[in-house]
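Report on one structure; see the data block that follows.
What follows is calculated from the coordinates using simple rules that are stated; it is not laboratory data. Bear in mind the structure is a predicted one, so any value in this text is a computation, not a measurement. Please note: Cβ atoms are built from the backbone with ideal geometry, for glycine as well, and neighbour counts cover all protein chains shown.
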Amino acid sequence: MRTQFTTFTAIVERDVRVMSRNLPDFLTRIGVNPVFLAFIFGYVLPQTGTIPADFANVMLPGILGITTLSAGVQGTAIPLAWDLGTTKEIQDRLLAPISLRLVMLEKIIMGMFESWVAGAFVFPVAYLIMSDNLSLELTSVGRLILLIVLGGLAAATLGMVLGTVVEPMRFAMMFATIIIPMVFLGATYYPWASLSKIPWLQYLVLLNPLVYINEGYRAVLTPDIPHMPFGYAVLGILVSTALLMAVAIRTFEKRALS
């Protein structure tokens with residue numbers, strides 16, 4: 001047990017060092033899209049009168065949710081797909097004195113960590129860009145931390161599933177057919193409650209874990225905007241993560257041992 005723990009921490013430390021060396025590239029890759037969303041929807045369009053100025057309060061939680069999802073998925077799926085496919089680096093880790101599921105867990109932890117770093121970068125930048133039109137009210141620091149942790153875990157677990165079932169050359173297709181629909185149907189640009197006018201869609205999107213992440217951020221940061229109760233948002237993230245984890249264990253073990 002002690003040997004496995006030592007090996008596990010060494011692998012995590014190694015991956016953190018690799019990430020730190022590539023931090024500027026990582027922040028550029030993960031930050032361009034949400035920062036431009038903040039600039040356009042939180043500054044340009046309100047300044048031109050195209051949308052109401054207070055739309056920034058609806059948009060900021062969605063921007064944080066997009067960042068959480070994209071960083072967690074990319075941080076897990078892309079390296080994993082290459083390790084399983086092109087480089088076969090996963091074989092080296094399987095030869096280490098560590099269980100197969102701990103190898104999987106380490107990949108998820110790194111994806112989760114990347115989602116935290118991305119959020120820590122995007123949130124203050126987006127806030128500065130949108131500050132003239134924002135009226136944030138942080139209801140609980142503890143709830144915000146819990147949401148960041150659970151949201152990153154859900155995104156990284158989704159990345160684990162996608163990284164084991166999608167080949168690297170099909171990643172563009174994956175983002176076009178899975179991630180982009182999740183973003184548009186994930187209560188990113190509108191509160192989930194506003195879908196009450198389309199009941200079938202309001203219930204259908206509950207299959208999307210991003211809905212719970214975005215609504216959780218709204219409950220914590222912009223409580224005056226209609227939002228899902230925080231407890232339901234957390235429950236949705238937990239259930240989504242549990243289901244994704246069950247699938248990830250099966251797909252990872254199948255790919256790693258094949």
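Extension gain Leu128-Val247, at 0.36 nm per residue separation less the Cα-Cα distance, in nm? Before the final figure, lay out each step's value.
Details: separation 119, 0.36 × 119 = 42.84 nm, distance 3.94 nm.
Length gained, Leu128 through Val247: 38.9 nm.
Roughly what would the spin-label model give for Ile180 and Leu146, points 7 Å off Cα along C-beta, in nm?
Here the modelled spin labels are 3.6 nm apart.
To the nearest 20 debye, what charge dipole does the chain have about its Cα centre, counting +1 at the Cβ of each Lys and Arg and -1 at the Cβ of each Asp and Glu? Numbers along the way, then the final one.
Working: 16 positive and 15 negative charges, 132 e Å.
Dipole of the chain, to the nearest 20 debye: 640 debye.
Sort out for me the Cα centre separation of segment 2-78 from segment 169-235, rounded to whole Å.
Taking the Cα centre of segment 169-235 as reference, the centre of segment 2-78 is 17 Å away.
Please state the shape class of segment 205-258: rounded when a/c is under 1.5, otherwise prolate if a/b exceeds b/c and oblate if not, all from the C-alpha gyration tensor.
Prolate is the answer for segment 205-258, as a/c is 1.5 or above and a/b outweighs b/c.
What order, most packed first, do the peptides 63-76, 115-128, 12-25 have when packing is the mean number of other Cβ atoms within 10 Å of each residue? Before the final figure, lay out each step's value.
Values: 63-76: 28.5, 115-128: 19.3, 12-25: 11.7.
My ranking of the peptides, most packed first, is 63-76, 115-128, 12-25.
Taking only complete DSSP H runs, can you tell me which helices of the chain stretch 27 Å or more along their own long axis by Cα positions and average at least 1.6 on the Kyte-Doolittle scale?
Details: long enough: 2-21 (29 Å, -0.29); 55-84 (43 Å, 1.12); 100-130 (44 Å, 1.49); 141-165 (36 Å, 2.07); 230-257 (40 Å, 1.30).
Passing helices, by number: 141-165.
In segment 2-257, with Lys and Arg counted as +1 and Asp and Glu as -1 at Cβ, which of these residues, Met104, Gly159, Val205, has the Cα nearest the positive end of the dipole, that is, farthest along it?
Met104
Two decimals is fine: what's Rg over Rh for the chain, C-alpha atoms, Kirkwood radius as Rh?
Numbers: Rg = 18.7 Å, Rh = 18.9 Å.
Rg divided by Rh gives 0.99.
Have a look at Leu244, Ser140, Trp192 and report the one farthest towards the positive end of the charge dipole of the chain, computed about the Cα centre with Cβ charges (Lys/Arg +1, Asp/Glu -1).
Leu244
Go through segment 186-193 residue by residue and turn each phi into a ³J(HN,Hα) via Karplus (6.51, -1.76, 1.60, θ = phi - 60°); whole Hz please, and just put x for glycine and proline.
x, 6, 7, 9, 7, x, 4, 4
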